[in-house]
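Beneath this line is the structure, given in structure tokens, with notes to follow.
The values are calculated or read from the model by the stated rules, or taken from the named source; none is laboratory data. These numbers were taken from a predicted model, which means no experiment stands behind them. Glycine gets a Cβ as well: all are built from the backbone with ideal geometry, and neighbour counts include every protein chain shown. Ligands, DNA and RNA are stripped out before the accessible areas are found, and what is left, the full protein with its side chains, is counted by its heavy atoms. Shrake-Rupley method; radii C 1.70, N 1.55, O 1.52, S 1.80 Å.
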Amino acid sequence: MEMPKVSHIIDGAQQQGKKMLAVLIDPDKPSEKELIELCNKASDNGADLIFVGGSLLSRDSLEECLRTVKAHTSIPVLLFPGSVLQISDQADGILFLSLISGRNPDLLIGNHVIAAPYLKSSKLEVLPTAYMLVDCGTTTTAIYMSNSKALPYEKPDIAACTAMAGEFLGLRYFYLDGGSGASKSVSPQMVKAVRKSINRPIIVGGGIRDAATARALVEAGADVIVVGNLFEKNPEAMADIAEAIHSF
């Protein structure tokens with residue numbers, strides 16, 4: 001049976017008030033054995049989505065990672081690209097990220113023009129996504145590599161207005177990200193402000209290390225919670241986080 005479009009899965013969950021858990025996998029980090037174990041843990045703990053990608057890849061491991069993930073789980077896989085080099089037909093779709101929190105033209109539209117012809121001819125489902133980096137206390141790889149300022153942590157009003165602009169521009173998904181290794185998560189206050197300003201699904205990631213934080217973010221209005229580093233280092237914590245999200 002053909003898998004439904006990932007956009008339909010996310011939109012349908014939001015319309016039904018169901019919260020989702022996404023696992024972020026950096027292709028550079030796990031070995032094949034570790035990757036298979038991660039896939040098994042994701043399936044066992046009810047992960048709804050798998051994101052694959054990173055701000056900086058130092059090995060040519062994306063294709064191999066995607067093949068392994070697709071071979072060991074039926075969870076929908078979305079590319080979370082850090083550059084135009086991170087595109088592959090092995091995935092089900094791609095978060096087509098426009099960095100609306102910054103002022104780097106390459107990440108607002110430039111790289112998108114380069115990628116567009118390939119995506120047009122591929123089988124990938126393209127999800128137009130507003131990417132909003134938030135300063136969560138650490139200069140993360142995403143902030144450094146994007147060559148842009150992140151949204152101030154204590155300024156939820158700026159995040160809300162930025163999201164409004166993105167929705168008016170037609171972007172359909174909104175990703176608030178503290179970045180890999182962030183010292184804390186995006187604040188529930190910021191998520192709540194963005195939720196009040198837009199109607200589209202909100203994805204939140206970075207610095208989420210426990211069930212209480214995940215629960216606070218879904219209560220504030222997040223639709224998808226993304227867990228990355230924690231899942232790789234302590235996959236056993238996934239059960240509590242999954243329960244906190246799915247029991248909302």
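Look through region 208-236, keep the residues that are touching a Leu at 6+ places or on another chain (Cβ under 9 Å) and open to solvent by 20 Å² or more (accessible area, probe 1.4 Å), and return whichever of them is farthest from Leu133 (Cα to Cα).
The qualifying residue farthest from Leu133 (Cα to Cα) is Pro235.
Mind listing whichever residues of region 156-178 are small (Gly, Ala, Ser) and assigned to a helix (DSSP H, G or I)?
Ala159, Ala160, Ala163, Ala165, Gly166
I'd like to check something: does region 175-192 contain any residue that is in contact with an Asp or Glu (Cβ under 7 Å, 6 or more places away or on another chain), more than 22 Å from Ala242 (Cβ to Cβ) and open to solvent by 60 Å² or more (accessible area, probe 1.4 Å)?
No, region 175-192 contains no residue that is in contact with an Asp or Glu (Cβ under 7 Å, 6 or more places away or on another chain), more than 22 Å from Ala242 (Cβ to Cβ) and open to solvent by 60 Å² or more (accessible area, probe 1.4 Å).
Can you name every residue in region 164-180 that is in contact with a helix residue (DSSP H, G or I) (Cβ under 8 Å, 6 or more places away or on another chain) and among the hydrophobic types (A, V, I, L, M, F, W, C)?
Met164, Phe174, Leu176
Restricting to region 110-150, what's the tally of residues that are open to solvent by less than 10 Å² (accessible area, probe 1.4 Å), part of a strand (DSSP E or B) and either out of contact with any Phe, Trp or Tyr (no Cβ under 6 Å at 6 or more places or on another chain) or of a type outside the set (Val, Ile, Thr) (or both)?
5
Between a residue in region 51-67 that is hydrophobic (A, V, I, L, M, F, W, C) and any residue that is open to solvent by 40 Å² or more (accessible area, probe 1.4 Å) and in a loop (DSSP other than H, G, I, E, B), which pairs come within a Cβ distance under 6 Å, given they are 6 or more apart or on different chains?
So the pair list comes out as Leu66/Gln90.
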